Amino acid sequence: MQTFLAVLALLVAVAALVVAWRGRGGARRRPVDEGDLPTDVQALRREVAALRREGAQSMRHVAVVRYDAFTDTGGQLSWSLALLDDAGSGVLLTSIQGRAESRTYAKSIADWKCDQQLSPEEQDALSHARP
């Protein structure tokens, strides 16, 4: 039952993250037909610049750190996951697995920093995600 609740909490956190990212990014670009592509150099430059701006907001910096949160458990079932964009904004998800229970946490990251205190493992995930 506890594993089910941990997985459910993780799914809710990921769903909230997706909703937040969609709201932040505004309308998404529609797929481009080859006939819609500009032919002049300046228009191509504008298209490339728009794609770069859009790509900078995607979660491209990802890192997972697995570890044993408690000395009486093994298998490195606990983990911290950093999902960040080019500006260092995103989320840090952590799942702590114990013998009798598990807990899942989500922390907001902005400019590669968190307002809440990070565990050493969370700090490692954040460091590994940074380019």
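Highest mean first, how do 124-131, 106-113, 79-86, 42-49 rank when packing is the count of other Cβ atoms within 10 Å averaged over residues?
79-86, 124-131, 106-113, 42-49
From the square roots a ≥ b ≥ c of the eigenvalues of the alpha-carbon gyration tensor of the range 85-127, which class results: rounded (a/c under 1.5), prolate (a/b over b/c), or oblate?
Values: a/c = 2.70, a/b = 2.33, b/c = 1.16.
In terms of gyration-tensor shape, prolate.
Ranked from highest to lowest mean number of other Cβ atoms within 10 Å per residue, what is the order of the peptides 63-73, 95-105?
Descending mean neighbour count gives 95-105, 63-73.
Read-outs throughout are calculated quantities, based only on the coordinates presented, and are distinct from any laboratory measurement. Note that this is a predicted model, so its numbers are computed, not measured. Using ideal geometry, Cβ is built from the backbone for each residue, glycine included, and neighbour counts are taken over all protein chains shown.
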